[in-house]
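Each value in this text was obtained by applying a stated rule to the coordinates, not by laboratory testing. None of these values were measured; they are calculated from a predicted model. No Cβ is skipped: glycine too gets one built from the backbone with ideal geometry, and neighbour counts run over all protein chains shown.
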Amino acid sequence: MSPTNTTLQLIQEKSLPFTPEIGLILGSGLGLLADSLENKIIFPYETLPDFPKSTVAGHSGRLVLGYLNQKPVACLQGRVHPYEGTPPQKIKTLIRTLKLLGCKILIITNATGSLRLEVKPGSLCMVTDHINFQAFNPLVGPNEEEFGPRFFAMDDAYDAVLQNQFRKTAKRLNIKLEEGVYFGTLGPSFETPAEIRAFRILGGDIVGMSTIPDVLVARHCGLRVAALSAITNLAAGLSNEKISHENTLYYGEKTANSMLELIRGFINDYHE
């Protein structure tokens, strides 16, 4: 489902001649990135006819347009998740709105648990690939050819050029950037220790309940994708600390400044 003309008109009437080059999706506790934009124009999701309502703490539910390092960007300050019961078309609407506004690149942020003892809470990790155990794909159903083909490759789901630039920027800024495979689960329950052991054997490095539906829709419509994770906990069975959404928000906010510095640096350094 694409956003209706009414939604696009509402956005463009308040923002033209603004054309964002980069889209951002901000995960739990990472809304600080949108707050840092200059010359902001804010659209609460409930004011846009086709947009979903975000029901998770740490997800404000706002489309924020503005400038980061003097470059025009569009932020989804809060996403929606399959476990909220969100219809797939709503996830498509969020991503395709960024595409129709002019974005060519999508930077996704999220909060995740680590499957590796050496990648501790407070770390930043760049997603290099994913494993989808969510039993969910928002593109199931009739294909909308105006956005992309019925069948599309995912071997380049996370853009190699964008990843390389993030590595260079992290090195220049002296920011430690881990890398790993994102293992996607449906949620909303956290994983069991036995599941985490299985996920590690299958090749996962970090685990979360989001991101993959966003990536699928983005790649289908031709957006180039990079994804950054704020590590908020060691996964079940790897520490004695109780896993909670409160910890997710705490460490998401704790890493937000480093995430913002890295994204600002990337936007400054990257040139097509």
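The charge dipole of the chain, taken about the Cα centre with unit charges on the Cβ atoms of Lys, Arg (+1) and Asp, Glu (-1), comes to about 280 debye, rounded to the nearest 20.
By the rule of a C-alpha distance below 18 Å, with chain neighbours fewer than 8 residues away ignored, the lysines paired with Lys104 are Lys71, Lys92. Just from its helices, what would the mean residue ellipticity at 222 nm be for the chain, if runs of 4 or more DSSP H residues each count -39500 (n - 2.57) and the sum is divided by every residue, rounded to the nearest 500 deg cm²/dmol? Rounded to the nearest 500, the figure is -10000 deg cm²/dmol.
Summary value for the chain: 26 percent relative contact order, contacts being C-alpha pairs under 8 angstrom separated by 6+ residues.
In the elastic network of the chain, a GNM with C-alpha springs shorter than 10 Å, the most mobile of Pro72, Pro52, Pro87 is Pro87.
Nearest 5 is fine: what % of DSSP beta bridges in the chain come out antiparallel, could you say? Around 35 percent of the beta bridges assigned by DSSP in the chain are antiparallel ones. Starting from the Cα of Asn69, step 7 Å along the direction of its Cβ; do the same at Val140; then give the gap between the two resulting points in nm. Going by the 7 Å Cα→Cβ label model, 3.9 nm. Each of Pro82, Gly180, Asn132 was placed along the dipole of the chain (beta-carbon charges, centred on the mean Cα), and the one lying farthest toward the positive end is Gly180. Taking all Cα pairs closer than 8 Å and separated by 6 or more residues, the relative contact order of region 59-145 comes to 22 percent.
Of the residues Asn39, Asn240, Asn257, the one that moves most in a GNM of the chain with alpha-carbon contacts below 10 Å is Asn240. When the chain is treated as a Gaussian network with alpha carbon springs shorter than 10 Å, the biggest mean-square fluctuation among Gly78, Gly31, Gly148 belongs to Gly148. Here Lys171 is the anchor, and the aspartates and glutamates within straight C-alpha reach of less than 16 Å, apart from those fewer than 8 places off in the same chain, are Glu179, Glu261, Asp269. For region 82-126, dividing the convex hull volume of the Cα atoms by the residue count gives 105 Å³ per residue. Across all Cα pairs in the chain, the calculated P(r) in 5 Å bins from zero up to the longest distance comes to 1, 6, 14, 18, 21, 18, 13, 7, 2, 1, 0 percent per bin.
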